[in-house]
Amino acid sequence: MSAHHKKRLAMPRSWAQPRKTSVWISKPDPCGHPIDLCMSLTVVVRDELGLAHSKREVKRMLATRKLLVDGKVPKSVDRGVGLMDVLTIGDEHFRCVLDQNGKLRYPSISASDAKSKVCRIDGKNTVKGGVTQYNLHDGRNLVVKDANAYKTGDSLTIQLPDQRVINHIPFGDGVNAYLIGGSHVGSVSVIDSLAVKRSSMENEVSFSDFGTVERNVFVIGDTKLPEVDE
């Protein structure tokens with residue numbers, strides 16, 4: 001079996017697919033998303049949305065150039081479609097989110113919502129020329145001259161497909177956050193406070209009635225996420 005497949009029994013728990021219907025499932029190409037936060041375009045279109053019967057049909061759809069991810073035509077039907085990505089099929093649009101069971105879902109969104117996406121800043125570093133490169137959660141890199149423009153943990157709303165930053169959402173008290181891990185995954189809650197650990201322990205974020213580690217927190221501000229049918 002080719003490297004484009006993995007055994008269903010070994011697929012991530014976040015993939016809402018049956019494990020025993022067949023042996024293999026298409027694996028997403030390496031991309032900016034971790035494998036547990038994305039699925040291949042083939043699986044999403046064929047199995048999640050039911051808009052194709054086979055991988056061959058997905059390839060035909062791709063050839064029409066009406067199948068887009070984040071406003072651009074993918075190079076492969078194994079392209080990963082991950083958290084916050086926008087999938088466009090003709091006149092229909094879908095966004096990848098997590099349900100409250102931690103499963104990847106692709107609910108429908110409006111054409112206006114499909115024009116942007118929220119990206120979390122997972123890191124930053126200085127590159128050649130003394131400019132700062134911000135590393136976003138989906139593998140994008142944003143180069144900015146001002147090293148203090150944004151902080152790790154903040155989120156940026158970017159316009160699709162040109163990737164222009166149209167909004168900055170700072171990480172801070174009183175900000176709406178989307179939980180992408182832990183026991184409250186898939187829910188939105190307001191941040192109470194951040195406890196920074198001066199050790200190897202992870203920073204902790206407190207909410208009104210629970211707490212979690214910082215990597216599970218994705219600030220979204222006033223951004224409205226689509227509802228998922230359980």
What tally of residues in segment 1-42 results from selecting those that are among the small types (Gly, Ala, Ser), under 29 Å from Asn141 (Cα atoms) and not in a loop (DSSP other than H, G, I, E, B)? 2
Would you mention how many residues in segment 148-197 are buried (at least 17 other Cβ atoms within 10 Å of the Cβ), touching a helix residue (DSSP H, G or I) at 6+ places or on another chain (Cβ under 9 Å) and under 23 Å from Asn125 (Cα atoms)? 2
Looking at segment 151-230, what strands (runs of 3 or more DSSP E) fall wholly within it and have at least 3 residues that are closer than 24 Å to Ser116 by Cα? 155-159, 165-169, 176-179, 188-190, 217-219
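Does segment 35-66 hold any residues that are of a type outside the set (Lys, Arg) and exposed (fewer than 15 other Cβ atoms within 10 Å of the Cβ), and which are they? Write out each step before concluding.
Pass one, segment 35-66, residues of a type outside the set (Lys, Arg): 35-45, 47-54, 57-58, 61-64.
Across segment 35-66, the qualifying residues are Gly50, His53, Ser54, Ala63, Thr64.
Just wondering, is there one or more residues in segment 183-192 that are on the phi < 0 side of the Ramachandran plot, among the hydrophobic types (A, V, I, L, M, F, W, C), touching a residue at least 40 places away in the same chain (Cβ under 8 Å) and not assigned by TED's automatic domain parsing to the domain that holds Lys103? If you could, list the steps in order and put the result at the bottom.
Here is the first cut: in segment 183-192, the ones on the phi < 0 side of the Ramachandran plot are 183-185, 187-192.
Retained after the next criterion (residues that are among the hydrophobic types (A, V, I, L, M, F, W, C)): 185, 188, 190-191.
The next check asks that each one be touching a residue at least 40 places away in the same chain (Cβ under 8 Å); those that pass are 185.
Still in the running and not assigned by TED's automatic domain parsing to the domain that holds Lys103: 185.
Yes; the residues of segment 183-192 include at least one that is on the phi < 0 side of the Ramachandran plot, among the hydrophobic types (A, V, I, L, M, F, W, C), touching a residue at least 40 places away in the same chain (Cβ under 8 Å) and not assigned by TED's automatic domain parsing to the domain that holds Lys103.
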So Gly90 passes all but one of these: (1) in contact with a helix residue (DSSP H, G or I) (Cβ under 8 Å, 6 or more places away or on another chain); (2) surrounded by fewer than 15 Cβ atoms within 10 Å (Cβ to Cβ). Which condition number does it fail? (1)
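The values are calculated or read from the model by the stated rules, or taken from the named source; none is laboratory data. Bear in mind that the values here come from a model prediction, so they are computed numbers and not experimental data. All Cβ positions, even for glycine, are placed from backbone atoms using ideal geometry, and neighbour counts span all protein chains on display.
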